[in-house]
1. Tell me the residue from Ala127, Ala118, Ala87 that is part of a helix (DSSP H, G or I) and either in the same structural domain as Gly167 (by TED's automatic domain parsing) or touching a Cys at 6+ places or on another chain (Cβ under 6 Å) (or both), please.
2. Is there any pair linking a residue in the range 218-242 that is farther than 26 Å from Lys206 by Cβ to one that is part of a helix (DSSP H, G or I) and of a type in the set (Asp, Glu), with Cβ under 8 Å and at least six apart or on different chains, and which?
3. Just to be sure I understand, how many residues within the range 79-89 are within 13 Å of the ligand (Cβ to nearest atom), more than 30 Å from Ala210 (Cβ to Cβ) and β-branched (Val, Ile, Thr)?
4. Determine if the range 108-116 includes at least one residue that is free of Cβ contacts under 8 Å to residues at least 24 places away in the same chain and surrounded by fewer than 19 Cβ atoms within 10 Å (Cβ to Cβ).
5. Output yes when any residue across the range 13-30 is surrounded by 17 or more Cβ atoms within 10 Å (Cβ to Cβ), out of contact with any helix residue (DSSP H, G or I) (no Cβ under 8 Å at 6 or more places or on another chain) and in a helix (DSSP H, G or I), and no when none is.
6. Could you grab me the full set of residues in the range 36-64 that are surrounded by 15 or more Cβ atoms within 10 Å (Cβ to Cβ), assigned to a loop (DSSP other than H, G, I, E, B) and either at pLDDT below 95 or not aliphatic (A, V, I, L, M) (or both)?
7. I'd like the residue in the range 135-157 that is assigned to a loop (DSSP other than H, G, I, E, B), among the hydrophobic types (A, V, I, L, M, F, W, C) and in contact with a Pro (Cβ under 8 Å, 6 or more places away or on another chain) and, out of all such residues, is surrounded by the fewest Cβ atoms within 10 Å (Cβ to Cβ).
8. Evaluate the range 90-101: report whether one residue or more is within 15 Å of the ligand (Cβ to nearest atom) and under 29 Å from Leu145 (Cβ atoms).
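The values are calculated or read from the model by the stated rules, or taken from the named source; none is laboratory data. Small disclaimer: the values here were computed from a predicted structure and weren't measured. Positions of Cβ are backbone-derived with ideal geometry, glycine not excepted, and every protein chain shown enters the neighbour counts.
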Amino acid sequence: MRVLILGGTTEASQLAVKASTIEGIEVIVSLAGRTSQPAKIHVPTRIGGFSGTEGLVTYLRNNAIALLIDATHPFAAQISFNGAIAAKICGIPHLMLVRPPWQPIKGDRWIEVNDFKAAVAVLPGLAKRVFLAIGRQELAAFSYLEDIWFLMRTIEPPASDKPIPKGHLLLERGPFDLTEERQLLKKYQIEAIVSKNSGGEATIAKIIAARELGLPAVIIKRPIMPEGDRVTDVDSAFKWIIGN
Ligand SMILES: NC(=O)c1ccc[n+]([C@@H]2O[C@H](COP(=O)([O-])OP(=O)(O)OC[C@H]3O[C@@H](n4cnc5c(N)ncnc54)[C@H](OP(=O)(O)O)[C@@H]3O)[C@@H](O)[C@H]2O)c1
């Protein structure tokens with residue numbers, strides 16, 4: 001039985017490796033190709049978009065995929081909708097593996113916003129030096145804020161055809177450690193951070209560091225995701241595969 005895992009997250013890789021150990025199951029991981037050197041796993045992997053829902057349907061049919069698991073990033077809404085629709089069209093079981101969002105605790109100075117535009121709108125007047133920890137795809141939207149200095153961190157350099165906010169760019173891949181995140185915020189005299197509510201352990205340290213330093217955190221809420229079966233951890237997704 002062939003299983004396609006839409007990946008790009010640590011959980012997707014962990015599930016792929018685990019599910020590959022089940023006798024009779026052949027796992028294929030699909031990556032968008034956002035990073036030129038994705039973390040290596042010893043599971044067959046295909047890279048690049050499918051060309052929309054139609055392309056994904058064709059792929060599922062041509063490769064006789066029996067189960068589809070969407071273990072993509074919580075902000076990768078387009079591929080999640082494509083996956084949900086394509087699975088329905090092909091009549092195959094579909095599961096979403098979505099890590100729980102971070103929750104604020106007492107003392108946090110979260111400003112929750114619906115999207116990146118709202119995050120841009122909230123920054124003037126809030127801070128002059130901002131840690132923009134949102135990856136590289138949406139950086140351009142912040143480049144209009146000329147009175148704010150940004151510390152940006154991405155895995156790979158942002159696209160050269162789009163404007164980049166004024167400030168300093170760090171090229172680094174998580175996970176990030178709390179001690180280092182604390183030092184980073186102090187070193188660059190950061191007054192506020194901006195983050196997607198990605199959830200998970202790998203990138204939570206900046207949220208904790210901001211909490212400790214009493215800094216406001218502009219938290220971008222997750223986009224709407226398709227209805228359907230979902231679990232929040234790798235073990236539950238593994239059990240779902242066995243049950244199917
Ligand atoms: N995608 C990731 O691996 C990933 C990882 C970390 C964070 N994020 C965050 O998610 C947000 C949106 O990212 P996004 O543009 O990648 O997602 P998206 O908006 O959901 O996807 C856009 C297109 O990329 C292709 N795609 C996405 N994931 C794919 C996968 N696993 N396999 C094959 N094709 C895939 C699909 O192209 P076709 O329509 O051509 O099939 C999809 O329509 C950003 O904030 C980004 O930082 C994404």
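1. Every option except Ala118 fails the conditions.
2. Ala237/Glu11
3. Keep residues of the range 79-89 that are within 13 Å of the ligand (Cβ to nearest atom), which gives 79-86.
Subset that is more than 30 Å from Ala210 (Cβ to Cβ): 81-86.
If we keep only those that are β-branched (Val, Ile, Thr) too, we end up with 85.
Residues flagged as within 13 Å of the ligand (Cβ to nearest atom), more than 30 Å from Ala210 (Cβ to Cβ) and β-branched (Val, Ile, Thr) within the range 79-89 amount to 1.
4. no
5. Yes, that holds for at least one residue.
6. The answer is Pro38, Ile41, Phe50.
7. Top of the filtered list is Leu145.
8. Yes, there is a match, as at least one residue in the range 90-101 is within 15 Å of the ligand (Cβ to nearest atom) and under 29 Å from Leu145 (Cβ atoms).
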